[in-house]
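Undergrad: Just dropping this structure here.
The values are calculated or read from the model by the stated rules, or taken from the named source; none is laboratory data. Keep in mind the model is a prediction, meaning the values are calculated, not measured. Cβ coordinates were reconstructed from backbone atoms using ideal geometry, including for glycine residues, and neighbour counts include every protein chain displayed.
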Amino acid sequence: MQTIIYWGYSLAWQILRLLPEKVAYGLGDRFADFLYKKNGKQIQRLRSNYGRIKPELNLSELEELTKMGMRSYLRYWCDTFRFPFWSRERIISTTVVENEHFLRDPVRDGRGVIVALPHAGNWDHAGAYFCATGIPLTTVAEHLRPEKLFNKFLAYREAIGMEVLDLNSRAVAVLAQRLRQGKLVALVADRDLTKSGVQVEFAGFPAKVPAGPALLSIQTGAPLITAFVKYELAGIRIIFEGEVEVPTTGSTGEKTSAMSQVVADRFAKQIAKSPSDWHMLQRIWIDGDYVERDLT
């Protein structure tokens, strides 16, 4: 099965980068619609997640959002397969940034900075923009199976200019070192992969998020800021929000929890504004169940 997965991704990588752009993205839309109609577990989960972020939607509105969410998710994959062949000029010209000084100022001052962001829009595009404009970054990645597929994605991100660490016990120490060197660390932080995350209220429901961003800020003194990446017609928009203050009192655990809650609140706010660009096809809420749908 792992060999099939690897060759499936590799084939898509080869085909979609060679097709004319409109044809490639049109195929992505059609495949997204096919997956939506199949209503598998990941579609059910996406629908359930959207239902919690946008509880005011009626059934037909929720279905339309789920369909558009899958199209946005397949747009991300089309970008991924074609992105290594984009020019530096295209990467920069298709990126709009709000409040960019929240990131650039601490890097300029040698303090380092931690950016926490959710699985939204195309975060690789956002990372490539900063690498292309003189601020390389360090991040972590979940170790995928098969190994060849993990290495392929590793090479893809390293070619963009990122330093990618395997998500293991050594990663935090290396990230702290990079921050003390005044570097940029970017961490996707809306889903806990370590089983040792911090419990927060995410859009009003209990969830666990990674402790790493807040803990690194407390340990190194580097500011923790948040970003949200959304799609626009011709590219992406990155929306930064300013430093999450470290509480002046409390234990390290209490400070980590308080800061992580601020991050979760910012994520929920931005996702509610642009929900279709939030590509969360996995469970994040502790009590969450699938929203089933009768397709007959």
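Undergrad: Identify, by number, the condition in (1) crowded, with 17+ Cβ neighbours inside 10 Å; (2) more than 16 Å from the chain's Cα centre (by Cα); (3) under 25 Å from GLN261 (Cα atoms); (4) among the hydrophobic types (A, V, I, L, M, F, W, C) that ILE91 doesn't meet.
TA: (3)
Undergrad: Quick check on the range 229-242: of everything there that is under 15 Å from the mean Cα position of the chain (by Cα) and among the hydrophobic types (A, V, I, L, M, F, W, C), which residue is surrounded by the fewest Cβ atoms within 10 Å (Cβ to Cβ)? Walk me through it before giving the result.
TA: Step one: list which residues in the range 229-242 are under 15 Å from the mean Cα position of the chain (by Cα), which gives 229-231, 236-240.
If we keep only those that are among the hydrophobic types (A, V, I, L, M, F, W, C) too, we end up with 229, 236, 238-240.
Details: VAL229: 24, ILE236: 23, ILE238: 23, ILE239: 20, PHE240: 18.
Ranking the candidates gives PHE240 first.
Undergrad: Further, regarding this structure: Pairs, please: C-beta under 7 Å, at least 6 apart or cross-chain, first residue in the same structural domain as ASN49 (by TED's automatic domain parsing) and in contact (Cβ under 8 Å) with a residue 60 or more places away in the chain and in the range 194-223, second surrounded by 23 or more Cβ atoms within 10 Å (Cβ to Cβ) and of a type in the set (Ser, Thr, Tyr)?
TA: none
Undergrad: Any chance you could count how many residues in the range 237-267 are closer than 30 Å to ILE92 by Cβ, assigned to a helix (DSSP H, G or I) and touching a residue at least 60 places away in the same chain (Cβ under 8 Å)?
TA: Residues of the range 237-267 that are closer than 30 Å to ILE92 by Cβ, as a first pass: 237-244, 263, 266-267.
Going one step further and asking which of them are assigned to a helix (DSSP H, G or I), we end up with 263, 266-267.
Now narrow it down to the ones that are touching a residue at least 60 places away in the same chain (Cβ under 8 Å): 263, 267.
Of the residues in the range 237-267, 2 are closer than 30 Å to ILE92 by Cβ, assigned to a helix (DSSP H, G or I) and touching a residue at least 60 places away in the same chain (Cβ under 8 Å).
Undergrad: Taking THR226 as the residue in question, decide whether it is free of Cβ contacts under 8 Å to residues at least 60 places away in the same chain and either outside the structural domain of ASP79 (by TED's automatic domain parsing) or not aliphatic (A, V, I, L, M) (or both).
TA: Values: free of Cβ contacts under 8 Å to residues at least 60 places away in the same chain: no; either outside the structural domain of ASP79 (by TED's automatic domain parsing) or not aliphatic (A, V, I, L, M) (or both): yes.
Spelling it out, it is not the case that THR226 is free of Cβ contacts under 8 Å to residues at least 60 places away in the same chain and either outside the structural domain of ASP79 (by TED's automatic domain parsing) or not aliphatic (A, V, I, L, M) (or both).
Undergrad: For the range 93-113, give me each residue that is touching a helix residue (DSSP H, G or I) at 6+ places or on another chain (Cβ under 6 Å) and not hydroxyl-bearing (Ser, Thr, Tyr). Explain how you work it out, then say what you get.
TA: Going through the range 93-113, the residues touching a helix residue (DSSP H, G or I) at 6+ places or on another chain (Cβ under 6 Å) turn out to be 95, 112-113.
If the condition is that a residue be touching a helix residue (DSSP H, G or I) at 6+ places or on another chain (Cβ under 6 Å) and not hydroxyl-bearing (Ser, Thr, Tyr), then GLY112, VAL113 are the ones that fit.
Undergrad: Okay, next question. Just to verify a result, which residue in the range 191-228, among those that are part of a loop (DSSP other than H, G, I, E, B) and buried (at least 23 other Cβ atoms within 10 Å of the Cβ), is modelled with the highest pLDDT?
TA: Just the residues of the range 191-228 that are part of a loop (DSSP other than H, G, I, E, B), to begin with: 191-197, 203-204, 210-211, 221-223.
Now drop any that are not buried (at least 23 other Cβ atoms within 10 Å of the Cβ), which leaves 210, 222.
Values: PRO210: 94, ALA222: 98.
Filtering first and then ranking leaves ALA222.
Undergrad: Another question about this same structure. Inside the range 114-135, can you point out the residues that are β-branched (Val, Ile, Thr), in contact with a helix residue (DSSP H, G or I) (Cβ under 6 Å, 6 or more places away or on another chain) and either surrounded by 22 or more Cβ atoms within 10 Å (Cβ to Cβ) or more than 24 Å from VAL246 (Cβ to Cβ) (or both)? Give the derivation first.
TA: First pass over the range 114-135, keeping only residues β-branched (Val, Ile, Thr): 114-115, 133, 135.
Keeping just the survivors that are in contact with a helix residue (DSSP H, G or I) (Cβ under 6 Å, 6 or more places away or on another chain) gives 114, 135.
Matches in the range 114-135: ILE114 only.
Undergrad: Continuing with this model, one more query. Is it the case that the range 152-164 has a residue that's in contact (Cβ under 8 Å) with a residue 24 or more places away in the chain, assigned to a loop (DSSP other than H, G, I, E, B), out of contact with any Lys or Arg (no Cβ under 6 Å at 6 or more places or on another chain) and over 26 Å from LEU74 (Cα atoms)? Give the steps one after another, and end with the answer.
TA: Taking the range 152-164 first, the residues in contact (Cβ under 8 Å) with a residue 24 or more places away in the chain are 152, 156-157, 159-164.
Still in the list and also assigned to a loop (DSSP other than H, G, I, E, B): 161-162.
Restricting the remaining residues to those that are out of contact with any Lys or Arg (no Cβ under 6 Å at 6 or more places or on another chain) gives 161-162.
Right, trim to over 26 Å from LEU74 (Cα atoms) and you get none.
So far as the range 152-164 goes, no, none of its residues is in contact (Cβ under 8 Å) with a residue 24 or more places away in the chain, assigned to a loop (DSSP other than H, G, I, E, B), out of contact with any Lys or Arg (no Cβ under 6 Å at 6 or more places or on another chain) and over 26 Å from LEU74 (Cα atoms).
Undergrad: Has the range 99-109 got at least one residue that is surrounded by 16 or more Cβ atoms within 10 Å (Cβ to Cβ), free of Cβ contacts under 8 Å to residues at least 12 places away in the same chain and within 27 Å of VAL263 (Cα to Cα)?
TA: no
Undergrad: Would you mind finding the one in PRO210, PRO275 that is over 23 Å from THR80 (Cα atoms) and within 17 Å of the chain's Cα centre (by Cα)? If you could, list the steps in order and put the result at the bottom.
TA: Working: PRO275 fails: over 23 Å from THR80 (Cα atoms).
Only one candidate passes the filter, namely PRO210.
Undergrad: Inspect all residues belonging to the range 62-81 and state whether any of them is outside any helix (DSSP H, G or I), of a type outside the set (Phe, Trp, Tyr) and within 27 Å of ALA272 (Cβ to Cβ). Walk me through how you get there before you give the answer.
TA: Just the residues of the range 62-81 that are outside any helix (DSSP H, G or I), to begin with: none.
The answer is no, given that none of the residues of the range 62-81 is outside any helix (DSSP H, G or I), of a type outside the set (Phe, Trp, Tyr) and within 27 Å of ALA272 (Cβ to Cβ).
Undergrad: Within the range 45-57, is even one residue at pLDDT 95 or above and exposed (fewer than 12 other Cβ atoms within 10 Å of the Cβ)?
TA: yes
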